[in-house]
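Report on the following structure.
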Amino acid sequence: MDKFPSLNLLSIFAIFAVLSPAYAQHPRHNMPDATAQNQAIAARPWMNPKLSPDQRADMVLRQMTLDEKIDLLHGQGMPGWRGKPMPNADLGNGGVGFVLGVPRLGIPIIQMDDAAYGVRLSARNGRYSTAMPSNLGSAASWDAQAACEYGGVIGRELRAQGYNMSLGGGVDLVRELRGGRTFEYMGEDPILAGTLVGNRIKCEQAVHVIGDIKHYAMNDQESGRTEVDVIIGKRAMQESDLLAFQIGIAVGHPAAVMCAYNAVNGDYSCQNNYLLTDVLKQSWHFPGFVLSDWGGTHSTVKASAAGLDNEQPLDIFYSEKMKEAVQSGAVPMSQLDDHVHRILRSEFAVGIVDYPTQKSVVQAERDLNIARKVEEQSIVLLKNEHNILPLDVAKIHSIAIIGSHADVGMISGGGSAQVDPPGSTSPEWQEHVWFPPSPLKVIRAQSSASTVQFDSGSDAASAAALAGRSDVAIVFVNQWSSEGMDLPSLSLPDNQDALIEQVAAANPRTIVVLESSTAVLMPWIDKVSGVVEAWFAGSGGTHAVANILFGKVNPSGKLPITFPLTEADQPPPQIVPPPPGAQGRTAVMRTGEAKPTFSVEYTEGLKVGYKWYDAEHKKVLFPFGFGLAYTTYSYSNLQVEPGATPAVTFTVKNTGNRAGEEIAEVYAALPASANEPPKRLVGWSKVPLNPGESKQVRVAIPQLYLSIYDEQQQGWKLLPGSYSFMVGGSSADLPLVKQVDLSATPAPNSGQ
Ligand code: BGC
């Protein structure tokens with residue numbers, strides 16, 4: 001990412017264009033000749049792409065006035081944000097924020113938009129965006145290539161819409177399944193989540209869009225999110241959420257990290273020296289910039305010293321107050337320059353200077369296909385009694401489609417992640433939004449059944465009557481969620497459980513399709529024949545679901561979270577509401593030196609997600625890593641190669657009669673002296689297999705994944721001793737086990 005091996009036509013154009021006073025009016029100049037290019041570089045040596053991003057940033061920095069530097073350190077408002085008029089508002093691109101450039105030096109404006117699962121606010125700006133499956137859904141693919149394609153769609157659509165920075169990449173670990181933004185995150189395991197978010201960001205940045213990873217760190221509940229103080233030990237945080245960020249950053253090299261609203265161990269994340277400086281910038285050597293979540297900045301001098309580089313979306317602390325602080329010496333010039341350097345070097349590293357955006361039409365068809373394929377890989381088949389699925393079109397004469405606006409579309413997640421459906425006006429904050437086409441229409445088209453009828457499910461008796469008259473009933477149910485709220489429970493809302501019960505009583509050949517933000521409780525599980533977890537399925541979701549139901553695609557997704565039997569079975573702490581009389585989000589954002597009003601202690605320690613259920617011997621509804629297919633697989637012949645990078649090899653066989661892709665999972669139990677939960681995921685491989693085919697699979701395991709964080713030594717270490725490696729198709733089904741001794745080796749990286 002740091003180097004651009006050859007100067008392409010676009011970058012030559014960019015060099016010329018930024019020199020030309022007529023650039024703004026006439027962006028489509030003829031390509032400059034070599035002389036013009038050389039002159040351009042002579043006049044602005046930092047435009048030479050052969051120099052490193054750091055060299056280029058330093059050259060620009062030396063030319064900048066104090067006011068120009070400060071312009072780079074804050075936002076210019078967001079449409080509708082507290083109504084504060086900002087003088088440069090007309091330079092925005094309609095997104096949620098932007099940072100001024102330095103036109104005289106050829107530094108562009110950073111135009112940002114939310115892009116959790118697609119580009120936000122497109123309809124409002126007369127544009128089109130593709131909704132990808134929810135982030136959690138896409139994590140069920142366990143597929144780095146799918147994550148890359150996901151990022152590619154978002155990156156290209158951002159650019160086509162005139163943006164050069166993405167605000168997506170949510171990777172806080174799912175600890176409390178009712179958390180309202182669970183659908184924006186990548187599950188409960190740091191290695192899976194970090195690997196996937198990293199691949200997504202890598203491919204976003206490959207098309208010259210600054211990638212962002214968020215919300216750093218432990219933004220795990222929405223209730224009181226701007227005033228909650230998360231209390232967590234260093235080892236527990238390093239081995240959970242921070243590890244997800246560490247891996248995401250190592251894999252994807254995001255140029256930006258967004259710090260979170262909440263405080264951690266007493267200090268707000270956006271002025272938390274441990275998080276921003278000790279860990280992110282020093283231990284992980286993060287070279288990019290930290291921007292605050294919207295309204296998450298609470299000071300000037302303290303935040304600057306702690307490592308916050310950019311305030312969003314306004315200029316309360318990082319404009320006039322920053323200038324005064326620099327002039328008085330409270331913020332050293334070297335610190336200010338470091339903030340500016342990080343922003344500039346990121347712009348060069350990702351290529352937003354060399355490859356300016358040019359608005360164009362989004363290639364909707366191409367992206368819809370990708371959205372469908374990613375969803376096909378993300379759907380998890382949870383139950384399939386008597387092989388009710390795939391539906392046998394030759395034998396089924398009538399299908400009842402019931403519930404959840406299945407005559408309209410499939411639901412999506414709300415808040416700042418919300419993508420506008422085609423042809424809509426941009427929805428309101430927390431409006432329920434369905435993406436077309438309707439399951440009814442697509443199932444009708446795919447099925448040869450003589451009747452495919454719909455019942456809204458608002459009257460369970462009428463839905464049950466239709467189910468009773470049909471060969472098979474497919475009940476679509478939803479569990480909507482959004483930023484800014486937590487779910488009251490994991491039960492399906494709006495009497496959907498009762499609807500399923502009644503439909504299944506009328507026809508046990510009932511298949512439930514879940515459109516859910518997170519895990520769902522299933523009191524009806526024994527009464528239905530099939531359960532398909534489709535998550536928030538995105539623009540390609542309906543076709544993907546139909547392709548799974550009718551067997552055009554063999555399901556391969558595996559759960560990235562545990563589905564518990566009850567909410568109370570979850571690890572503590574469960575969502576803690578803010579105390580009565582708490583200040584509330586807006587107040588906290590306005591009150592300068594705000595303080596958290598309540599705390600949540602993360603007493604589960606290392607036992608996040610499946611590690612908790614394992615350690616506590618709690619039964620679950622569906623375990624982490626679980627997912628069925630229309631075929632079966634067997635595992636054999638596990639070998640472990642110890643060494644600097646240990647590796648496991650084993651054989652997977654497709655024992656059924658359909659081609660499929662098995663996600664083979666590798667877990668490790670550490671030596672007893674480590675005091676770790678019983679096992680952790682350390683690797684996996686997605687193995688395509690024809691019927692009857694066997695393949696030998698090798699999974700190399702980075703030492704870091706087998707190590708523990710030592711608080712005394714402030715670093716990771718691999719303990720000598722006996723390690724058990726376990727391989728199989730889910731965290732609860734690991735038929736292969738082998739123990740080996742790994743000797744002590746130097747820590748894989750030092751750290752805070
Ligand atoms: C969210 C961020 C988002 C920002 C801008 C905040 O409320 O927490 O994830 O990027 O708003 O919309």
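Of the set (1) at pLDDT 95 or above; (2) within 16 Å of the ligand (Cβ to nearest atom); (3) touching a helix residue (DSSP H, G or I) at 6+ places or on another chain (Cβ under 7 Å); (4) within 21 Å of ASP309 (Cα to Cα), all apply to LEU242 but (2). Picking from residues in segment 156-179 that are in a helix (DSSP H, G or I) and more than 16 Å from the ligand (Cβ to nearest atom), the one that is most open to solvent (accessible area, probe 1.4 Å) is ARG156. Residues in segment 202-215 that are within 15 Å of the ligand (Cβ to nearest atom) and either modelled with pLDDT under 95 or touching a helix residue (DSSP H, G or I) at 6+ places or on another chain (Cβ under 6 Å) (or both): GLU204, VAL209, ILE210, GLY211, ILE213.
Here is the figure for segment 107-155: residues that are assigned to a strand (DSSP E or B) and away from the ligand (no atom under 16 Å from the Cβ) total 1.
The one condition from (1) within 16 Å of the ligand (Cβ to nearest atom); (2) surrounded by fewer than 21 Cβ atoms within 10 Å (Cβ to Cβ); (3) among the acidic types (Asp, Glu) that GLU324 does not meet is (1). In segment 393-406, is there at least one residue being assigned to a helix (DSSP H, G or I) and touching a Gly at 6+ places or on another chain (Cβ under 9 Å)? Among the residues of segment 393-406, not one is assigned to a helix (DSSP H, G or I) and touching a Gly at 6+ places or on another chain (Cβ under 9 Å), which makes the answer no.
Scan segment 425-446 and tell me whether some residue there is surrounded by fewer than 21 Cβ atoms within 10 Å (Cβ to Cβ), more than 19 Å from HIS543 (Cα to Cα) and more than 25 Å from the chain's Cα centre (by Cα). Checking segment 425-446: at least one residue is surrounded by fewer than 21 Cβ atoms within 10 Å (Cβ to Cβ), more than 19 Å from HIS543 (Cα to Cα) and more than 25 Å from the chain's Cα centre (by Cα).
For segment 446-488, a residue qualifies if it is more than 16 Å from the ligand (Cβ to nearest atom), touching a helix residue (DSSP H, G or I) at 6+ places or on another chain (Cβ under 8 Å) and at pLDDT below 95, and exactly one does: GLN446.
For segment 555-574, which residues satisfy the criterion of being part of a loop (DSSP other than H, G, I, E, B) and buried (at least 22 other Cβ atoms within 10 Å of the Cβ)? Spell out the reasoning first.
First pass over segment 555-574, keeping only residues part of a loop (DSSP other than H, G, I, E, B): 555-562, 565-566, 570-574.
Hits for segment 555-574 are PRO555, SER556, GLY557, LYS558, LEU559, PRO560, ILE561, THR562, GLN570, PRO571.
Taking segment 590-665 as the region of interest, the strands (runs of 3 or more DSSP E) fully inside it that hold 3 or more residues being polar (S, T, N, Q) are 633-641, 647-654. Cβ separations smaller than 7 Å between residues 6+ apart or across chains give the following pairs from segment 176-187 residues that are touching a residue at least 40 places away in the same chain (Cβ under 8 Å) and acidic (Asp, Glu) to residues that are open to solvent by 10 Å² or more (accessible area, probe 1.4 Å) and within 14 Å of the ligand (Cβ to nearest atom): GLU176/ASP220; GLU176/GLN221.
From the residues in segment 423-440 that are touching a residue at least 24 places away in the same chain (Cβ under 8 Å) and out of contact with any helix residue (DSSP H, G or I) (no Cβ under 8 Å at 6 or more places or on another chain), which one is nearest to the ligand (Cβ to nearest atom)?
Among residues in segment 423-440 that are touching a residue at least 24 places away in the same chain (Cβ under 8 Å) and out of contact with any helix residue (DSSP H, G or I) (no Cβ under 8 Å at 6 or more places or on another chain), the one nearest to the ligand (Cβ to nearest atom) is HIS432.
The values are calculated or read from the model by the stated rules, or taken from the named source; none is laboratory data. Owing to the predicted nature of the structure, the values given are computational and were not obtained by experimental measurement. Don't worry about glycine lacking a Cβ; one is built from the backbone with ideal geometry, like all the others, and counts go over all protein chains shown. These accessible areas exclude ligands, DNA and RNA; they are computed on the full protein's heavy atoms, side chains included. Shrake-Rupley method; radii C 1.70, N 1.55, O 1.52, S 1.80 Å.
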